1. Give the dimensionless ratio obtained when the Cα radius of gyration of the stretch 73-120 is divided by 2.2 N^0.38 Å.
2. Binning every alpha carbon pair distance of the stretch 110-189 at 10 Å from zero, what are the percents per bin?
3. Within 10 Å of each candidate Cβ there may be at most 11 other Cβ atoms; applying that plus a DSSP loop requirement, which chymotrypsin sites (Phe, Trp or Tyr not before Pro) in the stretch 97-162 survive?
4. Evaluate 2.2 N^0.38 Å with N set to the residue count of the stretch 62-161, then give the Cα radius of gyration divided by it.
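Rule-based calculations on the coordinates, nothing more; no lab input. This one's a predicted model, so the numbers in the text were calculated from it and none came from an experiment. As a convention, Cβ positions derive from the backbone with ideal geometry for all residues, glycine included, and neighbour counts pool all protein chains shown.
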Amino acid sequence: MTSLRASSSEGISLLLLFAAAAAFYSVCLITVAEARNLGSCNNEVLPCGPAAFTFYLHNTVYNPAVDNQDNFNSIYGLPPNISFPNPYTFGVMNTFEDPITSGPSNTSAPLGKAQGFYLLNSFNEYTLFHVFTANITEGDYKGTISIFGQVREVDPVRYLTVIGGTGAFLGARGLATNRLIDIDHVPPAKWTMSFELDLYY
């Protein structure tokens, strides 16, 4: 009889524990959903910025062959001092100050400038390690967004990390989904990329 009561008591305890866990999980789901709807703001210290933000970056490379000195916003540094073949230009850096817009066209509403650099960092394929700040000076939200990560040219979708922000994006972190929208290899080479940001504060 004692054994039966103990077994019944353990069963009730397990049921209560399971119910408590389920309730806690439900609260967590509600909290995450509410945080996303409110701009993913889950603290009381920093203001809550936008949960999603998209911009388009337009790059035109300087090319001495066509001498487009009045129409460029990025420039490559000197190639590394090596004598052997370097088909993927390993070690070459490009510094840029690219206009960014709210839409994919060059004539879309301007948002500001993206300023930073990328480094070609693979012997075996074209990969570009990016570090830059999007300086947003126009539109509904103003501030800076710092972005960091590697882009493989062959990937149709690339993922970088948002590591900080100021102004309307103060304390931002999250994911930057990058896509190549358009590219023209005719000198001077130029391309447009999109950055779709999922932001948390």
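1. It is 1.56.
2. With a bin width of 10 Å, the distribution comes to 17, 43, 31, 9, 0.
3. The qualifying sites are PHE123.
4. 1.23
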